[in-house]
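Below is one structure, written out as structure tokens, with a few remarks after it.
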Amino acid sequence: MAILEARSLTKRFGAVTAVDGLDLAVGRAEVVGLLGPNGAGKSTTLHMLLGLITPDEGSVTMFGKDLHRNRVEVLSRINFAASYVDLPGTLHVQEVLEVFADLYAVDRPAAKVAALLDLLELGPLRRRKVMELSSGQRTRVQLAKALLNEPDLLILDEPTANLDPDAGDRIRTLLVRLAREEGRAMLITSHNMPEVERMCDRIHFMAEGRIVASGSAAELAASFEADDLEAVFLKVARG
Ligand SMILES: Nc1ncnc2c1ncn2[C@@H]1O[C@H](COP(=O)(O)OP(=O)(O)O)[C@@H](O)[C@H]1O
Ligand SMILES: [Mg+2]
């Protein structure tokens, strides 16, 4: 059974159709990438899947249940990270995680927070205020927060944007491990093509709100007669 199934998702902002009849599925332990130029509709798609904005048309089913009719139950099994989401900046890293652990009603919250501080290499930063952290450090706090409820589906909007190559590589290694070893499904957007090649089992290219090409990195490269995903992206983006 698919963990996530979206059918005919459509979202309009005035005259702009940001997402236009999009179908999407993510299976257990699968990492799916959503690519496309700026403004293609990737973030809007993710925000509909998260119930943050309401689609004009279409449906979202997660774990076999309709998102809008089972909102609390469904959303308790997923989580989200994006660099543009603000965390409470005046709190210490550990306090932020404790606040979210409380919100999520996590079992044995102290042990969970300690384990995630360790996993994301945040131990030495746990008494630092979030607003004083670098973007790479903040990304790690975002991911720790996103893992607190042990989500079956992680939705990640450009999780490694603004990271240096070393920080980005550490995050990718961790995410791949979470998918492979813990079976977590992920839906991820990124403009980093090597990252997508490394992480994603399947990729959908979006342009102007629609999916215009789908497949594994290798399948896409073959069908576009391109050397790599970067070259596929340029071909798709330039029509
Ligand atoms: N809240 C909003 N109000 C008006 N237009 C929006 C809003 N959010 C997104 N859009 C528009 O929808 C389109 C898709 O945006 P977005 O989903 O952010 O693209 P992406 O994440 O692929 O860069 C863009 O044309 C953008 O300007
Ligand atoms: Mg976006």
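The values are calculated or read from the model by the stated rules, or taken from the named source; none is laboratory data. If you're wondering where the values come from, they're calculated on a predicted model, not measured in any experiment. Please note: Cβ atoms are built from the backbone with ideal geometry, for glycine as well, and neighbour counts cover all protein chains shown. Heavy atoms of the whole protein, side chains included, go into the accessibility calculation; ligands, DNA and RNA do not. Shrake-Rupley method; radii C 1.70, N 1.55, O 1.52, S 1.80 Å.
With each label modelled as a point 7 angstrom along the Cα→C-beta vector, the A110-M1 pair spans 3.7 nm.
Enclosing the Cα atoms of the chain in their convex hull gives a volume equal to 127 cubic angstrom per residue. Computed over protein heavy atoms with a 1.4 Å probe, the carbon and sulfur contribution to the accessible area of the range 1-115 reaches 51%. Looking at the chain, the DSSP beta bridges with both ends there are about 55 percent antiparallel. Please work out the ratio of the alpha-carbon Rg of the range 87-228 to 2.2 N^0.38 Å and round it to two decimals. This ratio for the range 87-228 stands at 1.17. Between D164 and L103, the modelled labels are 3.0 nm apart [label points 7 Å from Cα along Cα→Cβ].
Here the Karplus relation 6.51 cos²θ - 1.76 cosθ + 1.60, evaluated at θ = phi - 60°, turns the backbone of the range 52-62 into coupling constants of 7, 10, 9, x, 6, 9, x, 9, 10, 10, 10 Hz, with x for every Gly and Pro.
Heavy-atom accessible area per residue, the chain, 1.4 Å probe: how many Å²?
47 Å²
Between helix 135-147 and the chain there is an angle of about 90 degrees, using the helix long axis and the longest principal axis of the Cα atoms. Cα-based values for the range 146-239, radius of gyration first and Dmax second, are 13.9, 42 Å.
In the chain the longest region clear of GluC sites (Glu not before Pro) that are loop-assigned by DSSP and have at most 16 other C-beta atoms within 10 Å covers 1-120. Applying the criteria of a DSSP loop state and at most 12 other Cβ atoms within 10 Å to the trypsin sites (Lys or Arg not before Pro) of the range 158-239 yields R238. On the basis of the beta-carbon distance and an R0 of 22 Å, M131 and T173 show a calculated FRET efficiency of 0.20. One quarter of the convex hull surface built on the alpha carbon atoms of the range 1-141 amounts to 10.0 nm², the projected area averaged over directions.
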